[in-house]
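These notes are about the structure you will find just below.
The values are calculated or read from the model by the stated rules, or taken from the named source; none is laboratory data. Here the structure is a predicted model, which is why all the values come from computation and not from measurement. Cβ coordinates were reconstructed from backbone atoms using ideal geometry, including for glycine residues, and neighbour counts include every protein chain displayed. Note: areas computed on protein heavy atoms with side chains; ligands, DNA, RNA excluded. Shrake-Rupley method; radii C 1.70, N 1.55, O 1.52, S 1.80 Å.
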Amino acid sequence: MAKGKVQYQCNECGATVAKWGGQCPDCRAWNTLVEIPAELVSAAKSARFKSYQQQPSTVRSLDAIQADVQARIGTGMSELDRVLGGGVVHGSVTLIGGDPGIGKSTLLIQALASLTENGAGTTLYVSGEESPEQISQRARRLDLNLKDLYVLAENQLERIINALAAQHPQVVVIDSIQTVFTETLQSAPGAVGQVRECAAQLVRYAKQTNTAVFLVGHVTKEGAIAGPRVLEHMVDTVLYFEGDSGSRYRVVRAVKNRYGAVNELGVFAMTDKGLREVNNPSAIFLSRHEQPVAGSVVLVTREGTRPLLVEVQALVDPTQLSNPRRVTVGLEQNRLAMLLAVLHRHGGVSSYDQDVFVNVVGGVRISETGADLPVIMAILSSLRNRPLPDKLVTFGEVGLSGEIRPVQNGPERLHEAVKHGFTQAIVPKANCPKSGIEGLDIIPVTQLGQVLDRI
Ligand code: TYD
Ligand code: MG
């Protein structure tokens, strides 16, 4: 490792100190000091300053700049293309996070194989976690074309960059960014400073050489990508790999995308031959019941650019605790507390002596407000132990004064429901198409009271 003098910088206020401590001496923030190589900083500064003096920067009008449409490489996996916004962009950096064992490595090796097959040029899979033998074994199991797949088992950033410069791959996967370290820092791989510096250098390489780079990132216990938040700012696209450990379905979600829509979902199923695309995901998030059951309702959500039918289940049960439990899986817990308060205040239904559990079937996570009305209906159904009609769908936002507010793309959601054989819909009035929809009995609602009357 480098011998030069080591300095530490505070992530919060930017103060530099010579000695590491738990607390920044300047702004008093805790755990914010990160190692920076002193000579690297001064060298970079002086080099940068010289280049400023030599060539003055030019200010240009946006109109005078030709924006050629970003050329994309299709991965051959339409669900992955969808979350990326239509394919891999040359020179883009994509960070992909997810729980261990969820299938990040599997997805990326499949994507590389598929890319080479589609004529994307050379690709390279850099692994700091698995040996070439392990990767080869997996690729064989997945029936990939091994001849055109290149791997490199390496952790040291400088060597990785040298290998990239020698081979010029079009697409590179770094699995994972937490295992890579640079010589210029003394801290261990995975330390905040290391992750940030390595990612910064890889981003620079991607932009300079127009190479598409995928970084695999580990997630913390809380589910965020481990390492500094700044990692998500540095890259162009951030994808999260989600899914129930018990279910074979996996969802890749774009949470940031400079080249496409966010909250776009790609759905895959894990099989013994790797990840398989699920092109009609609505069907898998509905659990099939022989007869309608109490506490279950189907909602049409819209994640990214496509509507999705999802089942929400609620269980309301008398509590044994002084603090009744409010548990959500796949939904925000605070939202549930708010909906229960609205239900009490504007619907006269109290649940202060009840435990309330709400679950979204199939391991999907819903982040939009269109799930409000379905959650309330599922809770009411469970509380009264009366099933809702099984061909009923619903969506809608519930306001604090008990009003039912419209959500985006109402008609499109309703059409998706018809496609899957639903015949009845309870939706916000403003979301009802004027001419109606054939085969669908639409019940418009504007107030919580109307919903209570209906069910
Ligand atoms: P992996 O891609 O190694 O996960 P990550 O890189 O996110 O940690 O996925 C490994 C899991 O996937 C492992 O539990 C086994 C399972 N799997 C299959 O079910 N089928 C397969 O064909 C492969 C390759 C893996
Ligand atoms: Mg892995």
Only Lys, Arg (+1) and Asp, Glu (-1) charged, at Cβ; segment 297-455 dipole about Cα centre in debye: 100
Order 415-427, 92-104 from most to least packed using the mean count of other Cβ atoms within 10 Å. 92-104, 415-427
Give the relative contact order (percent, whole number) for the chain; include only Cα pairs under 8 Å separated by 6+ residues. 12
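Where in segment 301-339 are there trypsin sites (Lys or Arg not before Pro) that are in a DSSP coil and have at most 13 other Cβ atoms within 10 angstrom of their Cβ?
Answer in residue order: Arg325.
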For q = 0.06, 0.10, 0.13 Å⁻¹, Debye-computed log10 I/I(0) when each Cα of the chain counts as one equal scatterer: -0.35, -0.87, -1.16
Within the chain, the cysteines whose Cβ lies no closer than 4.7 Å to any other cysteine Cβ are Cys198, Cys432
State the antiparallel share, in %, of DSSP beta bridges confined to the chain, rounding to the nearest 5. 55
Enter the angle in degrees (range 0 to 90, nearest 10) between the Cα long axis of helix 372-384 and the first principal axis of the Cα atoms of the chain, meaning the one along which they spread out most. 50
Show me 13-25, 247-259, 440-452 ranked by packing, highest mean number of other Cβ atoms within 10 Å first. 247-259, 440-452, 13-25
Going by Cα centres, segment 67-116 and segment 136-158 are how many Å apart? 16
Expected 222 nm ellipticity per residue - DSSP helices of 4 or more, -39500 (n - 2.57), all of the chain, to 500: -8500 deg cm²/dmol
Heavy-atom accessible area per residue, the chain, 1.4 Å probe: how many Å²? 49
Within the accessible area of the chain (1.4 Å probe), percent carbon and sulfur: 49
